[in-house]
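Visitor: My questions all concern the structure below.
The values are calculated or read from the model by the stated rules, or taken from the named source; none is laboratory data. Computed from a prediction, not measured in an experiment: that's the story for all the values here. Using ideal geometry, Cβ is built from the backbone for each residue, glycine included, and neighbour counts are taken over all protein chains shown.
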Amino acid sequence: MKSTEQTLPASTYEPSNIEIRLTLSLGLTILSPYYRSFAHSLSLQGCERVLDFGSGSGICSRHIAARLQNSGGQLACVDISRGWMNVIHKTLRSYNHVSYHLGHITNLDLPDAAFDVVVIHYVLHDIPAADRSRVVNTLARKLKPGGRFILREPQNEGLTCTELKQLAISAGLSSSRVITRKVFIGSVIDGNFTKKL
């Protein structure tokens, strides 16, 4: 599908070739069941428009794309890294219902109130604390009223359940569930929010 790119300075972080190879080799093999399970937990019907924020290599995105493939759904992959964007194009090359958007979410020309689901997987903790509110507010604006905002973050990486709830409430989201639990890759915080009607 289409790619959009903003004229922005390069990301402050770009993956090394070793990181790319390691991420893909683990994500497409040993960790694939974990990512498949996470995509399954999204309870997608297949017809949704999904925004995947911080798509990275696409190892999680491909399982989301597979769930949208046959029922008219659309996946928008957003990342700030040119290196990861090059990788995700290859990872998702067999899916024609995916669009790619390189740049800061606050600067991208993605329509407001256009998405049924926003997914954030292991990204928010890497965003400086001072910028998180602006990012979450922007992502919440992209959701349709009643849309779902789903995230998973590593526990003990600078984010708490309380902070996540506060960010969501400030962005006009209501909390359906915020829990900590253990999964295959360690302890995580799972958040599931809904945009108010």
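Visitor: Quick check, is L8 at pLDDT below 90 and either surrounded by 14 or more Cβ atoms within 10 Å (Cβ to Cβ) or under 21 Å from Y95 (Cα atoms) (or both)?
Guide: no
Visitor: Can you tell which of T194, T162, T180 is at pLDDT 95 or above and among the hydroxyl-bearing types (S, T, Y)?
Guide: Going through T194, T162, T180 in turn, just one is at pLDDT 95 or above and among the hydroxyl-bearing types (S, T, Y): T194.
Visitor: Looking at N70, N107 in this structure, which one is among the polar types (S, T, N, Q), closer than 22 Å to F38 by Cα and out of contact with any Asp or Glu (no Cβ under 6 Å at 6 or more places or on another chain)?
Guide: Among N70, N107, only N70 is among the polar types (S, T, N, Q), closer than 22 Å to F38 by Cα and out of contact with any Asp or Glu (no Cβ under 6 Å at 6 or more places or on another chain).
Visitor: Regarding I64, is this residue more than 20 Å from R152 (Cβ to Cβ) and part of a helix (DSSP H, G or I)?
Guide: no
Visitor: Is it fair to say V117 is surrounded by 18 or more Cβ atoms within 10 Å (Cβ to Cβ) and either in a strand (DSSP E or B) or free of Cβ contacts under 8 Å to residues at least 12 places away in the same chain (or both)? Working first, answer last.
Guide: Details: surrounded by 18 or more Cβ atoms within 10 Å (Cβ to Cβ): yes; either in a strand (DSSP E or B) or free of Cβ contacts under 8 Å to residues at least 12 places away in the same chain (or both): yes.
Taking the combined requirement at face value, the residue satisfies it.
Visitor: I've got another one for you. Between a first residue in the range 63-78 that is closer than 24 Å to V136 by Cα and a second residue that is hydroxyl-bearing (S, T, Y), which pairs have beta carbons less than 6 Å apart while being 6 or more apart in sequence or on different chains?
Guide: These pairs meet every condition: H63/Y35; A65/Y95; A76/S99; C77/S55; C77/S61; C77/Y100.
Visitor: Which one of V50, V98 is of a type in the set (A, V, I, L, M, F, W, C), at pLDDT 95 or above, touching an Asp or Glu at 6+ places or on another chain (Cβ under 8 Å) and closer than 21 Å to R148 by Cα?
Guide: Of V50, V98, the one residue that is of a type in the set (A, V, I, L, M, F, W, C), at pLDDT 95 or above, touching an Asp or Glu at 6+ places or on another chain (Cβ under 8 Å) and closer than 21 Å to R148 by Cα is V50.
Visitor: Can V136 be described as touching a helix residue (DSSP H, G or I) at 6+ places or on another chain (Cβ under 8 Å), under 26 Å from P33 (Cα atoms) and not basic (K, R)?
Guide: The answer is no for V136.
Visitor: Check S81 against each of (1) touching a Ser or Thr at 6+ places or on another chain (Cβ under 6 Å); (2) surrounded by 21 or more Cβ atoms within 10 Å (Cβ to Cβ); (3) in contact (Cβ under 8 Å) with a residue 40 or more places away in the chain and name the one condition it does not meet.
Guide: Failed condition: (2).
Visitor: Can you find even one residue in the range 135-144 that is of a type in the set (S, T, N, Q) and either farther than 20 Å from L42 by Cβ or crowded, with 16+ Cβ neighbours inside 10 Å (or both)?
Guide: Of the range 135-144, the ones of a type in the set (S, T, N, Q) are 137-138.
Next, only the ones that are either farther than 20 Å from L42 by Cβ or crowded, with 16+ Cβ neighbours inside 10 Å (or both) stay: 137-138.
Checked the range 135-144: at least one residue is of a type in the set (S, T, N, Q) and either farther than 20 Å from L42 by Cβ or crowded, with 16+ Cβ neighbours inside 10 Å (or both).
Visitor: Can you tell me how many residues in the range 55-76 are of a type outside the set (A, V, I, L, M), out of contact with any His (no Cβ under 7 Å at 6 or more places or on another chain) and either modelled with pLDDT of 95 or more or under 17 Å from L26 (Cβ atoms) (or both)?
Guide: Qualifying residue count, the range 55-76: 8.
Visitor: Return the pairs, sorted by first residue and then second, in which the second residue is assigned to a strand (DSSP E or B) and of a type in the set (A, V, I, L, M, F, W, C), the first residue lies in the range 91-105 and is farther than 12 Å from A76 by Cβ and touching a residue at least 60 places away in the same chain (Cβ under 8 Å), the beta carbons are less than 6 Å apart, and the residues are 6+ apart or on different chains.
Guide: Sorted first by the residue in the range 91-105, then by its partner, the list stays empty.
Visitor: In the range 76-84, is there at least one residue being under 23 Å from R148 (Cβ atoms) and touching a Pro at 6+ places or on another chain (Cβ under 8 Å)?
Guide: no
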